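Here is the structure we will look at, set down as structure tokens.
The values are calculated or read from the model by the stated rules, or taken from the named source; none is laboratory data. The shown structure was predicted, so the numbers you read here are calculated from the model rather than taken from an experiment. No Cβ is skipped: glycine too gets one built from the backbone with ideal geometry, and neighbour counts run over all protein chains shown.
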Amino acid sequence: MSSPFLVVEHVSKRFGPTQALSDVSVTMMAGEVHALMGENGAGKSTLGKAIAGLHAPDTGRIVVGGRELAKGSVHDAYDAGVRIVHQELAQCPNLTVAENLCLHALPTRGGLLDRRAMNERAARLLKDLAPEIRVDAPLGTLAPGRRQIVQIASALDDRGGADGAGRAKIIVFDEPTSSLSVSEADRLIKIIRGLAAQGILCIYVSHRMGEIFAACDRVTVLRDGKFVATSVIKDINESVLVSQMIGRTIDPASRVQRPALNAGAAPMLQVRGLASPKRLSGVSLSVRPGEILGVGGLVGSGRSELLDAVFGLDPRATGEVLVGGEAIPPRSPRAAIRAGVGYVPEDRRLQGLFFQLGCDENIVMPFMGLLARVGFRGFGGERSLVSERLSRFRVKTASPAAPPGSLSGGNQQKLLIARWMDKRTRVLLLDEPTRGIDVGTKSEIYRLVREAADAGLAVLLVSSEMPELLALSDRIVVMCEGELTGELTGEAMTQENILRLATLKHSASA
């Protein structure tokens, strides 16, 4: 790593009134894993997209292998070997896995699509990531974690000449493990290290500290769009890195001693025999008021499917869901909302927020009817509610009417949580509430989750981050292949026990 392969010189980028990047200069070497870190809105993704040609810098230049890239040219960056794995899934769910992986160059024979060659190439790209994924399956049938793996595989382009022309030389990984389980993330890190060993520069954007120290050689920190520092990973520790990112010290996730729960209190949420073909098998659990029940398991274990069914999103679900002792009509999100159930889904873009509406209408949407007067919208009550929520949850937005797309990922997540933190909410379903969130915002969301429980809400929490699950949960249930495999309390709540229960059915069938 003696000479820079990627050179970013004095790059600036403005979006309207927002200065996303300000005179950023950094060099990166071929064959290294180089982390980009900073809070949400620090400029990490903007820099990655500028390198990939998705954004044209206002000033400065980007040089790859001695060749200056044309500003804002995806094709020029691609020809230079730059690839990007986006945090948000950018795929065609109606096409098969193989079709998604081969969209750049569909193989043909006699002027017709050669499906055999396409499927073989797709299987080759997935071989080291997840060979169990069927390449002929429609992409939309895969869980978000599996879809993320397919998106990563698409960057590992195996086309090009014998001299390596056209092949990937730089891969920007933007939060690649945000939808992955611990074991899948570990496997991905090994693959990335293998790519670096082949001479590929891997730019790794992540908020997960453990991954940064496990996967990366060097780290560059951005704050408010400006370069702060580049450090060798072995020469820096987590507290210094956090201080560089946010300018203050944040305590790591740890269990907070909460007031003793009333073990005799009637459950606020009861799930009885919840089942759905190929998704859930007879799941039963209960959550008391003021309790946080964590749900552990691997990606594809049925955790998200459980929350979907509780909220009424699964049209094939059977079983009972009771809130406050009263059964709610099955397969009806509207009935769930009326019963006081709020849901923060895993994919805030696809399932959570209305991006064509403003932040204000996103907050009041579930309660618009309740705020209405004589059949007309109660704009006064809505404005008061929106102002209180934006202030209470510290959502940074240009105006209440600004669309969610103008917010950083962390502020989008806080906006989604703010929607449901209402006096009418009695049960809060949280699916990966800190996915893609920086350490500063993550600590805020931890505080909000604990405040929700302290206010008497029954919280059902799904998280793939073990420290998060252990820090927030009062009890933990673990799922595997759509079934509950065990419950952990007190001293038994450990990463080892969660993983043991998460793989229990796999071990039994081995």
Strands (runs of 3 or more DSSP E) completely within segment 410-510 that count 2 or more residues being crowded, with 21+ Cβ neighbours inside 10 Å and under 23 Å from the mean Cα position of the chain (by Cα): 427-431, 458-462, 475-480
Residue that is nearest to residue 220 (Cα to Cα), among those in segment 1-24 that are out of contact with any strand residue (DSSP E or B) (no Cβ under 6 Å at 6 or more places or on another chain) and in contact (Cβ under 8 Å) with a residue 60 or more places away in the chain: 19
Count - residues of segment 11-23 that are in contact with a Pro (Cβ under 9 Å, 6 or more places away or on another chain) and not small (Gly, Ala, Ser): 3
Residue within segment 332-339 that is of a type in the set (Gly, Ala, Ser), touching a residue at least 40 places away in the same chain (Cβ under 8 Å) and within 30 Å of residue 466 (Cα to Cα) present: no
Hey, residue 106 under 12 Å from residue 150 (Cβ atoms) and of a type in the set (A, V, I, L, M) or not: no
Residue in segment 361-376 that is in contact with a Gly (Cβ under 9 Å, 6 or more places away or on another chain), assigned to a loop (DSSP other than H, G, I, E, B), modelled with pLDDT under 85 and assigned by TED's automatic domain parsing to the domain that holds residue 458 present: yes
Lone qualifier among 140, 81, 110 - being surrounded by fewer than 17 Cβ atoms within 10 Å (Cβ to Cβ) and either of a type in the set (Phe, Trp, Tyr) or on the phi > 0 side of the Ramachandran plot (or both): 110
Per-region count, segment 31-90, residues more than 28 Å from the chain's Cα centre (by Cα), closer than 17 Å to residue 13 by Cα and either outside any strand (DSSP E or B) or at pLDDT below 95 (or both): 4
Cβ-Cβ under 6 Å pairs, at least 6 apart or on other chains, segment 306-327 side under 11 Å from residue 274 (Cβ atoms), far side assigned to a helix (DSSP H, G or I) and hydrophobic (A, V, I, L, M, F, W, C): 317/309; 321/310
